[in-house]
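Visitor: Structure incoming, see below.
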Amino acid sequence: SPKSHSRVGLGARVHLRDIAADETFVDQLVGSAEADPTHSRISNESPVGQAVIGAKKGDVVRVTTPRGSVIEYDVVSISK
C-alpha cells in the first residue's frame, strides 16, 4: 500500500473534493517548471497549489479564483 503522508508537499498526489460541486479529483503538486494542468500536475505556485501545500488529510482549504470567488476543497487523502 502507498505510504501515507501527513502533509501535502512537492511530489505529493492530493485527492481533493470540491465541497460545493461534490466532485473529487486527484492532482500532483509539482514545481512550476513541471506543471501540466492537463495531466493533473499543478504548480506549487498556482492558487490551488498554494492552498494545499502543508495541508493535512481532513483539512478544508479555501482557494480564491482569479475572478475572486472562493472554492472550498476537502483534502480526502495524500499519497506519493
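Visitor: Restricting to Cα pairs below 8 Å that are 6+ residues apart, what does the relative contact order work out to for the chain? Please round to a whole percent.
Guide: 37
Visitor: Using a 10 Å cut-off on Cβ atoms, rank the peptides 46-55, 13-22 from the highest mean neighbour count down.
Guide: So the order, starting with the most tightly packed, is 46-55, 13-22.
Visitor: Using alpha carbon centroids, what distance separates segment 15-40 and segment 46-61, in Å?
Guide: Cα centroid of segment 15-40 versus Cα centroid of segment 46-61: 11 Å apart.
Visitor: Calculate the translational D of the chain in whole µm² s⁻¹ from Stokes-Einstein, where the hydrodynamic radius comes from the Kirkwood formula applied to all Cα pairs, the temperature is 10 °C and the viscosity 1.306 mPa s.
Guide: Reported coefficient: 127 µm²/s.
Visitor: Then there's this: If you place +1 on the Cβ of every Lys and Arg, -1 on the Cβ of every Asp and Glu, and leave all else neutral, what size is the dipole of the chain about its Cα centre, to the nearest 20 Debye?
Guide: With only Lys, Arg, Asp and Glu charged at Cβ, the dipole is about 340 debye.
Visitor: Could you list, bin by bin from short to long, the percent of Cα-Cα pairs of segment 16-59 in 5 Å steps?
Guide: 5, 22, 29, 26, 14, 3, 0
Any read-out appearing in this document is the output of simple, stated calculations on the displayed coordinates, not a laboratory observation. In this text, all values refer to a predicted model and were calculated from it rather than measured experimentally. Note: ideal-geometry Cβ built from the backbone for every residue, glycine included; neighbour counts use all protein chains shown.
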